[in-house]
1. Would you mind telling me the antiparallel percentage of the DSSP bridges in the chain, rounded to 5?
2. Using just the Cα positions, wrap the range 224-306 in a convex hull and report its mean projected area in square nanometres, one decimal place.
3. What is the packing order of peptides 216-224, 86-94, taking the mean over residues of other C-beta atoms within 10 Å and listing the highest first?
4. Please give the direction-averaged projected area of the C-alpha convex hull for the range 249-377, in square nanometres with one decimal.
5. If r is the Cβ-Cβ distance from Asp293 to Ser8 and R0 is 41 Å, what FRET efficiency results, to the nearest 0.05?
6. Determine the dipole magnitude for the range 258-315: charges of +1 sit on the beta-carbon of Lys and Arg, -1 on that of Asp and Glu, nothing else is charged, the reference point is the Cα centre, and the result goes in debye to the nearest 20.
7. Averaging sequence separations of C-alpha pairs under 8 Å and six or more residues apart, then dividing by the length of the chain, give the relative contact order as a whole percent.
8. Return the distance in nm (one decimal) between the two label points of a simple spin-label model at Ala379 and Tyr237, each offset 7 Å from Cα along Cα→Cβ.
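The values are calculated or read from the model by the stated rules, or taken from the named source; none is laboratory data. Just so it is clear, the structure is predicted and the values come from calculations on it, not from any experiment. No Cβ is skipped: glycine too gets one built from the backbone with ideal geometry, and neighbour counts run over all protein chains shown. Quick note on the areas: whole protein, heavy atoms, side chains included, nothing else; ligands and nucleic acids left out. Shrake-Rupley method; radii C 1.70, N 1.55, O 1.52, S 1.80 Å.
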Amino acid sequence: MICRVCDSTNLELVIDLGQQPWCNNFLQKEEVGQEPFYPLRVLFCHDCHTSQLDFTVKKEIMFGDHTYLSGTTKSLSEHFRNIANEVDSKFFANTNQKSVLDIGSNDGTQLKHFQALGYEVLGVESSKTTARIANEANVPTLNAFFNQQTMHGIGRKFDVFNASGVFFHLEELHSVCAAIKQGLKQDGVFVVQFLYMKSIMENLAFDQIYHEHLLYYTLETIEILLNRHGLSMFDAYLASIHGGSIIGYISHYGVREPSKQLLAMREEERTSGCNSIEAYRQFDIRIKQMKQDNLNYLNAAKTAGKRIFGFGAPVKGNTMLNYFGVGPDLIECLVEKNDLRRNLFSPGMHIPLLIEDEVAEQPDIYYVLAWNFKKEILANNQSLIDKGVEFYFPVNPKVSA
Ligand SMILES: [Zn+2]
């Protein structure tokens, strides 16, 4: 194994979540029990400090036809609108004929907001189904993996590149970075959104570790990657999305000066010690304790005769369910909005999914797997809470959507 960022072989195993199925692989009834399992382990690079998975499930398996839709979540759509407005007003308010390329553009939710601001847009999306949905909604979308070859085929430059929540998925990491370098106009801006490993550790949100997330960045480690490709970050802030994500602004190397805010965040990160091996060892200990605490809670509720449903069926929930070993004996079903997941079962633990309209009777407890939408969930379900239904959050993020 060599480091995905710096090619070092000086890597150390820090977190071992065992053998897990690919967590986005929700199963048809006849597929239950047939799904493959892969190692889920995090290694720490002693040279560049990037934490990363050692095992790669092939991208064609993971992203060939996924069914996650950005547009189904209201707070996410609002977040995407804010991003588009912010990028435009900060950098391109006086630019005519502006253009944006979105990497992993999903159902086109982000690009619609850029279209509304007059941008020529292009999405690159690997999932057939979501690319089709985007094209049907008049968001021009290429069904392909974004890399140097794809960029070469596109053959023009863009004012804005956007990569929301895909930058840690990338199996072809260096090819993707080189392609951005190649396709970004000289004064262009690349907007990246990625899970912040510092927040993951603080929130104990270990369920963000799954096969699609090959890399876990901090400001220090992403900069090493960017610099290697002639790019550098010049501004960043922490957003509530996914319980703590960095929105970073990147330019060609040295074209824009780092902002005061970015410098302050880098300093805070340095003081926190989150880039040290010791931080990862502590994280590992806390994850093991969390497993024990959650099993105690669920078993006690079950013994007391309470019915427990899962709230949401996010892919990350499967990391938690599989690592804890929680199946339908403890959590009867996972209640989900996304209609594409009707009649499916969770990979590994085989908990049946129910679409909201199929819920006939409410449980005593909702075990909230979609904890990153804590604010939205509590607000939308006040009437159930008033009736005595408990909403249990295994992860309590400092910031939530
Ligand atoms: Zn490294």
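1. Taking every DSSP beta bridge with both residues in the chain, the antiparallel ones total about 50 percent.
2. 8.0 nm²
3. Ranking, from highest mean packing down: 216-224, 86-94.
4. Convex hull of Cα atoms, orientation-averaged projection: 11.9 nm².
5. Rounded to the nearest 0.05, the efficiency is 0.70.
6. The dipole magnitude comes to about 340 debye.
7. For the chain, the relative contact order is 16 percent.
8. Computed distance between label sites Ala379 and Tyr237 equals 1.8 nm.
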